[in-house]
Amino acid sequence: MVERDGTGLDEDGGAEDVGLGRDDETGDGGPEKPDAHREQPVDANREPVTFGLEGLRTGFLTATPVALGVGGYGIAFGVLAHQAGLSVAEAALMSATVLAGASQIVAVELWADPIPAATIVFTVFAINLRYSLMGAALQPWFQHLSPKQIYGSLVVMADENWALTMRELASGSGRGAFLLGSGIAMWLCWVASTVLGTIAGSAVGDPARYGFDFVLAAVFVALAVELWDGRSSLHPWLVALVVSVLAAQTIPGRWYILLGGLAAAALEVIRFDG
Amino acid sequence: MTAESLSLDPVVVGVVLAMAVVTAVTKVGGIWLVRRVEVSERLEAGLSVLPGAIVIAILAPELTAGGPAEWGAAGVVLIVMWRTESILLALCAGVLGVVLFRAVV
């Protein structure tokens, strides 16, 4: 439903590198042919990547403390979902099927009556586009796994367990099921904390009286602190700030969110100098 | 738990499932694509700033519409989050802050 062209980001001719691995692990050249990945050796790995129960278990146990921490966002999301008018079941369904924190929080912020479905779905898509890059960065290790194993694991990928998985695989452990195991831990905590938050939200009466109407802004400030990537974030964020504030005052609806985000991304594409 | 809390509105379920589908597409789409075509570093640089930029694009108009109490509380969240990296602590401090600032301002 949403073309990549819709982002307006890909008008450049394209540099030669695949360039999706942030570190040195993609030094094996990009896959040019549909089946090129089958023959390519992976020099970054010490052990062949396998998909087994041991990796699943290690992933689950490693990610559990992190997943419990992410539960804080789950509770906040549940409170916001309740304020937006979602039932416990609806909020839990969203957490169980979407499993992408920032985009879910934005979605319930956009929630209204009638539901602006197109705006919500497109905004969610734009926020989660980063997962494409993150997933692609796993390709050097995943190339010998079956499509079912790869795509099944990627569905439970979130920011935190992706980072843990990259660290695990880069160490050369060869645990291909680590992403799935860590993702299951994330999923369990995320759904459980969402339910907790929704119930907590319904226990509170008038949200403004207890400052609960500020939870959303507070969540975004916290998210911004986590997403701050040093000085390289400064220019895109300034552009997003100026464009969104101007657009919010001139254009009806919630389009200022996408306009601010896309303006920042477009500037980054134009300014890019390798 | 009341029956209301378990209710599932068909429209809500539809939007949630659409969100789930586009999110799943972003999660599996990258590796699917990179097994077939090249993605330029230039485009990658643009995509990598999207999450932060969208968060700012939501936050900036929201805070602009608020007042000194909200600005002060946002500052409290910023500092607590920066220092402790604990989301729960930062949120609690922010909510407490906004209640106090509203009582004073």
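Condition test on B:Val37, is it more than 7 Å from every other protein chain (Cβ to nearest Cβ) and more than 21 Å from the chain's Cα centre (by Cα)? Here the answer is yes, as B:Val37 does meet what is asked.
In this structure, A:Arg57 does not satisfy being among the charged types (D, E, K, R) and facing chain B (nearest Cβ under 10 Å). Taken as a whole, the structure leaves B:Arg42 outside the set of residues that are within 27 Å of A:Thr97 (Cβ to Cβ) and not hydroxyl-bearing (Ser, Thr, Tyr). Taken together, A:Val79, A:Val66 contain a single residue that is surrounded by 24 or more Cβ atoms within 10 Å (Cβ to Cβ), of a type in the set (Val, Ile, Thr) and not in a loop (DSSP other than H, G, I, E, B), which is A:Val79. In the stretch B:23-60, the residue that is farthest from A:Leu241 (Cα to Cα) out of those that are among the β-branched types (Val, Ile, Thr) and open to solvent by 10 Å² or more (accessible area, probe 1.4 Å) is B:Val37. For the stretch A:105-158, the helices (runs of 4 or more DSSP H) that sit wholly inside it and include 2 or more residues that are under 13 Å from the mean Cα position of the chain (by Cα) are A:117-128, A:130-136, A:147-155.
Given (1) facing chain B (nearest Cβ under 7 Å); (2) open to solvent by 10 Å² or more (accessible area, probe 1.4 Å); (3) within 21 Å of A:Leu154 (Cβ to Cβ), where does A:Val88 come up short, assuming only one miss? The single condition A:Val88 does not satisfy is (3).
The values are calculated or read from the model by the stated rules, or taken from the named source; none is laboratory data. Since the structure is predicted, the reported quantities are computational estimates derived from the model, not experimental observations. With ideal geometry, Cβ positions are generated from the backbone for all residues, glycine too; neighbour counts draw on all protein chains shown. Note: areas computed on protein heavy atoms with side chains; ligands, DNA, RNA excluded. Shrake-Rupley method; radii C 1.70, N 1.55, O 1.52, S 1.80 Å.
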